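Trainee: Pasting a structure here, questions to come.
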Amino acid sequence: MAGRELQKSFTGEGLACRRGERRVFQGVAFALAPGGALLLGGPNGSGKTSLLRLMAGLAQPEQGVITWDGGAIADDPAVHRTRLHYIGHQEAVKLALTAEENLAFWADMRGTANGATDALRRFKLDARATWPARYLSAGERKRLGLARLLASAAALWLLDEPITSLDAESTEILLTAIAEHRSAGGCVALATHAPLPLPGAQTLSLAAHTTWRQA
Amino acid sequence: MSGFAALLTRDLRLAFRQGGDVANVVAFFALAVILFPFGVGPDPDLMARIAAGVLWVTALLAALLSLERLFDADYQDGSLEALSLMPVPLEIQVLAKCAAHWLTTGLPLTIIAPLLALVLHFDAAGYPALIAALLLGTPVLSLIGAIGAALTLGARRAGVLLSLLVLPLYIPVLIFGVAASEAAALGLESRPHLLLLAALLAGSLALAPWAAAAALRQAFE
């Protein structure tokens, strides 16, 4: 197990993030082994989304380094993109396209054209597959966004408030998907306000690292 | 299916489902051109002399009209952020979006331009050069426009800012496009102008995707 951890782990060291004039957090560190889960907590504005964006490579940390397999992700952002799914606040759903077309598009962009139908069924959207997304409810659009996780494979899932506007049943579906992903050796980092039952998950509260109160 | 084809197909599908955008551009082009005979009087000689210029200037403005939406719709709903995290390089994605933009604006404009040229008493000898110049010039409008659209992403009053940024850059296309059409109408050689337009197209094909992708990355920061 120790060897496997060394072989494939996702870590961050001494991370600081600046948004405009404001330093959001500093001194943040995390380490995820294969199958690991990281729950990001902290009040609004404490930098949960900012940290997820750093992990995705959408922004660069002001200080510190994020590594995968021992190599800094900033060294090869193109490779890092192939191994991650980032589901942000917005669902990135095109209202004029059907649910199936939306999902198939994202799978095509990742070069894996399989599994779109299966992913829709898993998230209980198969009855809505041919509906234009504008007729889907907020929760259904959220599920459509999350179905991207299953439509193509990626080792690292970065989820920003994934259970917002999800009902209990859909939350359960997501938790099952996360458990399967972890047992296959995948990692997940998610920002959330609600306590989520993720066995063996590490918790990182950004409240302790916030700097803006002093500024 | 490659990422380029997937994005191109998606953008075309969106354009046809929300057909208004294409129709607006074409209708604007036709109406603006038809205003000129009312504005300057129906003198056939005068019309024939300004026809190429009128067609090019209005085509420029019509293309500009649709540029604001090039990245903005994807920016607003989070798609652009998700796209930037796809394994397909952002430069290739910009190229796909430009191709979709040209197919839904430049190409329809090129198709109806000869009909409008008829209204303006454009000399019959100039038609092949007019069409060739539009075919070479309108993709340049999409490509250069993409840089402006990426730079003004998220700005307030992005449309106005976009026009101020992009219109000066359109001047070379305008000059050689009009020159090619007029030279042919006067019985002169239009080939040098068309070659210069082709050079502009080659140059912007090579440079614009990189510039626009760099500007898009800035927008995410």
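Bear in mind that the values in this text are calculations on the coordinates, not laboratory data. Predicted model, so just to flag it, every value in this text is computed and none were measured. Cβ sites come from the backbone with ideal geometry, for glycine too, and all protein chains shown count toward neighbours.
Trainee: So who's got an amide H within less than 5 Å of the one on A:Gly27, skipping anything under 5 residues away but keeping other chains? H placed 1.01 Å off N, in plane.
Mentor: For A:Gly27, whose amide H was placed from the backbone, the distant partners under 5 Å are A:Leu15, A:Ala16.
Trainee: Now for a separate question. Whole-Å semi-axes of the protein assembly as shown's equivalent ellipsoid, largest first, each the root of 5 times a Cα gyration tensor eigenvalue?
Mentor: 50, 22, 18
Trainee: Could you work out the helix-only [θ] at 222 nm for chain B, with each DSSP H run of four or more residues adding -39,500 (n - 2.57) and the total divided by the number of residues, to the nearest 500 deg cm²/dmol?
Mentor: Per the formula, -27500 deg cm²/dmol.
Trainee: Show that you can apply the helix-only estimate: for chain A, add -39,500 (n - 2.57) for every DSSP H stretch of four or more residues, divide by all residues, and state [θ] at 222 nm to the nearest 500.
Mentor: Using -39500 (n - 2.57) per qualifying helix, the result is -9500 deg cm²/dmol.
Trainee: Now for a separate question. How many partner chain Cβ atoms sit within 10 Å of a residue's Cβ in peptide B:182-193, on average, as a whole number?
Mentor: 0
Trainee: Could you let me know the centre-to-centre spacing of the range B:15-51 and the range A:115-186, using Cα atoms, in angstrom?
Mentor: 48 Å
Trainee: At q = 0.10 Å⁻¹, what log₁₀ I(q)/I(0) does the range B:40-158 have when each alpha carbon counts as one equal point scatterer in the Debye sum?
Mentor: Calculated log10 I(q)/I(0) at the listed q: -0.39.
Trainee: Further question on the same structure: Can you figure out the FRET efficiency of B:Glu189 with B:Arg217, using R₀ = 41 Å and their beta-carbon distance, to the nearest 0.05?
Mentor: My answer for the efficiency is 0.40.
Trainee: Something else now. For the range B:108-221, what Kirkwood radius comes out of the mean inverse Cα-Cα distance, in Å?
Mentor: About 15.2 Å for the range B:108-221.
Trainee: Just the projected area, averaged over all directions, of the convex hull on the alpha carbon atoms of the range A:71-134: how many nm²?
Mentor: The orientation-averaged projected area of the Cα hull of the range A:71-134 comes to 5.3 nm².
Trainee: Per-residue Cβ counts within 10 Å, from other chains only, averaged over A:82-94: what number is that?
Mentor: 4
Trainee: Return the tail of the calculated pair distribution for the range B:2-220, meaning the percent of Cα-Cα pairs more than 24 Å apart.
Mentor: 42 percent
Trainee: While we're on this one: Would you mind getting the Kirkwood hydrodynamic radius of the range B:100-163 from its Cα pairs, rounded to one decimal in Å?
Mentor: Kirkwood radius, the range B:100-163: 13.3 Å.
Trainee: Would you calculate the volume per residue, in Å³, of the smallest convex hull containing every Cα atom of the range A:8-146?
Mentor: Roughly 138 Å³ of hull volume per residue.
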